[in-house]
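What follows is one structure encoded as structure tokens, with my remarks underneath.
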Amino acid sequence: MVKIAIIGGSGVYDPKLLENIREEKVKTPYGEVKVKIGTYKNEEIVFLARHGEKHSVPPHKINYRANIWGLYELGVERILATSAVGSLNEAMKPGDFVILDQLIDFTKNRVYTFYDGEGSPHERKFVAHVDFTDPYCPELRDALIRAANELGFTYHPRGTYAAMEGPRFETRAEIRALKILGADVVGMTQSPEAILARELEMCYASVAIVTNYAAGISKTKLTHAEVVELMQQKSEEIKLLLMKAVEYIPKIRRCACKDALKGATG
Ligand SMILES: O=P(O)(O)O[C@H]1O[C@H](CO)[C@@H](O)[C@H]1O
Ligand SMILES: Nc1nc2[nH]cnc2c(=O)[nH]1
């Protein structure tokens, strides 16, 4: 049973952070998932490339339910994810790390739950309304914060992520509106990924890496190439941060994530 997983977003496609890597295909009610499993300091870790190893899957077409269910099948309890984001907050500059603590979901055309009642393609045929007040696991957030602190990286211990449908980037007016609504950064993948992990009572946290200023704030045209380029520049730091954070993950789960379904099913 592998308890910890890393989901690599844009620019984070291979588990070079791990050793003794093997590939596994996991069958799920939502389709098959391909993961890599390796070790770090004798700890087994699953690595999942969110967009596929060649970034062939755009954010609005990712099979989030298969991905999260697949990690659950492997026994994963703790998920650390990376997210490349645009910044709306002048204090959060390109290259900065943001340990997300909140999200606002503006996606439109995704599938957000495992609990479709009778229609569920698995044995969990109930209705569930989980609490999502705090979308990210406090214990994993603390591990990421401690790691960033110890490594001396420029980081922000909190940040609100606006999840947009994409795959286009935002308009100037959308970024103006998101700023009024209190978003700090903007991306396209935290929803439904975070809620699906919570629905399976898995701990989830994401370290956002600011790759650009958002539309209307950036002085230059937004490009995916710029996003991947900056992520590649930061790949060493991202690897160090994730591996140091793994060392700080408590062995015993004391967070509410593990009881997310209690009271949620009526
Ligand atoms: O969130 P990750 O997977 O890092 O990807 C980010 O990078 C892409 C835009 O360049 C979008 O998919 C956005 O969500
Ligand atoms: N939606 C969105 N996602 C991003 N990922 C990296 N930069 C951006 C951005 O400006 N907008």
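Solvent exposure of the chain, expressed per residue, is 44 Å² of accessible area, with all protein chains present and a 1.4 angstrom probe. With bins 5 Å wide beginning at 0, the percent of Cα pairs of the range 137-213 falling in each bin runs 3, 13, 20, 22, 19, 14, 8, 1. Put simply, the amide H of Tyr155, placed in the peptide plane, has neighbours under 5 Å in Phe97, leaving out anything fewer than 5 places away on its chain. Over all orientations, the range 1-126 has a Cα convex hull whose mean projected area works out to 9.4 square nanometres.
With the gyration tensor restricted to C-alpha atoms of the range 1-71, the semi-axes of the equivalent ellipsoid amount to 20, 15, 9 Å, longest first.
Could you tell me the distance between the Cα centroids of the range 58-114 and the range 165-230, to the nearest Å? One Cα centre to the other: 9 Å.
For Ala205, what charge total do you get from the other residues with a beta carbon under 10 Å from its beta carbon, if Lys and Arg give +1 and Asp and Glu give -1? Net charge around Ala205: -1.
Residues whose amide H falls under 5 Å from that of Leu103, counting only those 5 or more places apart or on a different chain, are Tyr161, with hydrogens built in the peptide plane.
Couplings for the range 70-75, taken from phi via the Karplus curve 6.51 cos²θ - 1.76 cosθ + 1.60 with θ = phi - 60°, read x, 5, 4, 4, 7, x Hz in order; Gly and Pro are left as x. What is the percent carbon and sulfur in the accessible area of the chain, measuring with a 1.4 Å probe over the protein chains and ignoring ligands? Looking at the chain in its full context, I get 52 percent from C and S. Rounded to whole numbers, the Karplus 3J(HN,Hα) couplings from phi for the range 15-22 are x, 4, 7, 10, 10, 6, 7, 10 Hz, using 6.51 cos²θ - 1.76 cosθ + 1.60 with θ = phi - 60°, and x at Gly and Pro.
Each pair of Cα atoms in the chain enters the Kirkwood radius, and Stokes-Einstein at 37 °C and 0.692 mPa s then converts it into a translational diffusion coefficient of 178 µm²/s.
Taken over the C-alpha atoms, the range 145-266 has Rg and Dmax values of 16.8, 51 angstrom. Taking trypsin sites (Lys or Arg not before Pro) in DSSP loop conformation with at most 15 other Cβ atoms inside 10 Å as exposed sites, the chain has its longest uninterrupted site-free stretch at 55-107.
The values are calculated or read from the model by the stated rules, or taken from the named source; none is laboratory data. Not measured: the values here are computed from a predicted model. Cβ: placed from backbone, ideal geometry, glycine included. Neighbour counts: every protein chain shown. SASA here: full protein model, heavy atoms, side chains in, ligands and nucleic acids out. Shrake-Rupley method; radii C 1.70, N 1.55, O 1.52, S 1.80 Å.
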